[in-house]
Amino acid sequence: MTRTESNDNGAFMGSKGIRRSHQKSRGGCSFCKRRRIKCDERKPSCTNCVKRSLWCSLNTTPSPASTPEHAAQATTVFEPLPGNQATEEFDESAFTLVVQDLQLFHHFCSITSTTFGPTPHVQQFWSITVAQMSFSHPFLLRAILAIGGLHMNHLRQTSSEASGWYKTKATAHWQAAVRLATPRLAAIDAESCDPLFIFAMLSCLQTFALGPQPGNFLLFTDDSGMEWPIFFRGLRTVAEASVLFGMTEPARPLAFMYGIAKLNLETLPRDEPVTSWGTALRNLRQIMMNEVSGEEERAVYQDALYRLRAGFAAVFGDSDTVRGANSQVVFAWLYHVSEDFVGRLQARQNLALVFFAYFAVLIKQIDGVWMIKGWPDHLIAGIYHTLVPATRLWIRWPMERIGWFPPPYITLCDATDGLDMNASSTEPPFLGKPTLTHLQNTIAENFGGSTAASLGSHQFSLDDCPDLTSKIAVVTGGSEGTGYGVTHTLLKHNIAKLYILSVSKEVVEGAQDAIAKDLGTEKANRTKWFQCDMSDWKRVKEVAEAIKNDADRLDILVNNAGRGIMSFELTDYGVDRHMALNHMGHVVLTSHLLPLIKETAEKGNVVRIVNQASNAHQAAPSDVKFESLEELNKDLGPNGQYGRSKLANILYARYFARKVTQNGHPNVLMNATHPGFVSTKMSKEDIFEPYPLGGYAMAVGMEPFKKSQWEGAVSAVFAATAIKESGQYICPPAIPEAGNKLAQDEKLADQLMELTRKIITEKTRSQSVDKGCPMDDLVLH
């Protein structure tokens, strides 16, 4: 036998007893060279690469996607060679296409099929039964090649050799599969029902295998194109047809292994278990009861909630540990939920989107499957940005379970101008511009509970408060809520004296008793209470004068007292109560304490003033001017009134920094703070005044999502004891933020303070005859 004969025939046939010669070569493929194994150098792909479904470096044929004619050839599958073409001219490019398609088919049968289930029985069904069925149904064959191609693309995403070719090939096969299957779906018969059911299932998997696509969130999109729900919901139609015609023997395992699970609603206990998911679903039910009034509408959501609860019970059982997460169970809710609910979800109704967010938590439990990776985060992000901002808190629990939080520059700032995206997180957090890492921590800590505890880095905690021996503080509203958290912390760290300004004697006595119990009677006795309604400017001035006469210094002033989200109301001065109390009352207090504050600072001490603001400042109208009393007394609604007063708190701090700190008094600092979403009287009781029904969502439904009074006090305590800058807006735990554009407008701040001075002096002067309290001595800086 000659060497030529050996090379041409020996590799396939071989002759017993004859040793084939081998000529050493350095031309093997890159894979064989790396593995240091023998390469037979077959083209277009060596045997080793074909066995392993790898792209062989010996394949020099241009990518099928590189030219239009090649792209067209790429969709040709296993076409038989006509006549004696095999013995005539050999078309290497045509043969390459056939081998590449065989590669996809082989990969699906040998590798992809093993990802569809954990048992050999399941894998054998997909690798053998479905593969054999595809030979009689070209649309199913094309679908198999498409899924195999997408899986190969997934495995080679980090390889430059793949270059997206597998995805291009898979797309061509899938488009052909859809064209072939669509007319058959409209006329299902006994012969086609089984392969069509498998095809419908593969069509759902194909959407996931493509990976998250911008604007596509499975059951709702940014445009009108939604193929996935058509195929997924069509599974029921095809499944019913399979039952009608009777499943064939080969396909019966599919009904057992891959038929969507029937949720066992009858065995569900009446109440949710005492687990985090049980608590979350109870809160979801409360939101539903508050938001939905019509019986028909409520029935739609009640059914969806009941089935969702069954899904969580199947996946988690009576604990928070996953016990039965598989695609059959996870997708059961979406399979069985009513068309009425799906219609509401496709219409992007807020409550339906919230339900869908909870479903995304179930999907998260199977994101170890290659085609599911990235989808839970993609879905929750799409839901978050589609929801009306006021309802985004409703998906706090799904966000936490999935581990996704919105980008901070979308949530807390109108723009990212000035952010140092490359700054190291190890740099001092309060010098220069805030980093993206700092802002991400701020976003997460707007909520309480395990969300805040899960953050990777913190800039400040209440335990970081320095020793305050010999210092004196004033805290308005310091007997309850966040104000009590500040008061308690300052006393714990040895403040010498603390003045509390509040309305209720009963509440302050309760606070003093609690302090005595926690910190001792001696610490409780360091507090002194002044009864004071901050909207009564005459009384505010009297209290300020009393403090100046009683104290020889003032190191900390926390302007915390405030009117929450409540209806429009005028004070006795004829001024909007939100502005009169939240802003102007504290301007009066600060103004009359300013001489003592400056005196303390001139002795080498740093005096810190804190204005308790809020991210709700973004609810202020965009056209606010602060030009007249008539403008202030315009009813903006509960959120608008509150938001405008919180905007004023921030603008006052920035005005003060320019006029006082930077104008000869560098040791007198004023900053505004945001406490986060805190469980206080405002959010539990006062909210019912403007919203008798909807208040339940805030007071009850949102209660598990709120921060405690201790968590809410962190940013204020930092600003009162540690910050070294002035004019900042500090968010939890201790991070400077820009606020919205209005909060950065110096001209608007000047207009606010000029209007503040004008209103206070004019309104108090008109009452000076009988009340004796002119404010001509009001000092703003």
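Derivation of every value follows stated rules applied to the coordinates shown; laboratory data play no part. Keep in mind that this is a model prediction, so the values were computed, not measured. In this analysis, Cβ positions are derived from the backbone assuming ideal geometry, glycine residues included, and neighbour counts consider all displayed protein chains.
When CYS465, CYS731 are ordered from fewest to most other Cβ atoms inside 10 Å of their Cβ, what list results?
Sorted ascending by nearby Cβ count, the order is CYS465, CYS731.
Fewest neighbouring Cβ atoms within 10 Å first, the residues VAL342, VAL668 line up as VAL342, VAL668.
As a length-normalised measure over Cα pairs under 8 Å and 6 or more apart, the relative contact order of region 276-401 settles at 22 percent. Taking each residue as 0.36 nm, the span from THR279 to THR114 lengthens on full extension beyond its C-alpha to C-alpha distance by 55.7 nm. Compute the signed sum of charges (Lys and Arg +1, Asp and Glu -1) over the other residues within less than 14 Å, Cβ to Cβ, of GLU599. Net local charge, GLU599 excluded: +1. Cβ crowding within 10 Å ranks LEU651, LEU155, LEU748 as LEU155, LEU748, LEU651, fewest other Cβ atoms first.
Ranked by the mean number of other Cβ atoms within 10 Å of their residues, highest first, the peptides 637-648, 521-532, 558-569 fall in the order 637-648, 558-569, 521-532.
Here the spin labels are modelled as points 7 Å beyond Cα on the Cα-Cβ line, and at GLU509 and ASP340 they lie 5.5 nm apart. Packing around the peptides 206-216, 490-500, taken as the average count of other Cβ atoms within 10 Å per residue, puts them in this order, highest first: 490-500, 206-216. For the pair THR386 and GLU754, a Förster radius of 51 Å applied to the C-beta separation gives a FRET efficiency near 0.75, rounded to the nearest 0.05.
Students often get this wrong: which residues of region 567-585 have the backbone nitrogen under 15 Å from the point 7 angstrom along Cα-to-C-beta of ASP533? Only 569-582, 585 pass the distance filter.
Stretching the chain fully between GLU602 and ALA516 yields a gain of 27.5 nm (0.36 nm per residue, less the alpha carbon separation).
Remark: spin-label model distance ILE37-ARG765 equals 9.5 nm, labels positioned 7 Å along the Cα→Cβ axis. Each peptide in 573-581, 276-284 gets a packing score, the mean of other Cβ atoms within 10 Å over its residues, and the list from highest to lowest is 573-581, 276-284. Legend: calculated FRET efficiency, GLU542 to ALA347, from the Cβ-Cβ distance at R0 = 56 Å, rounded to 0.05, equals 0.45.
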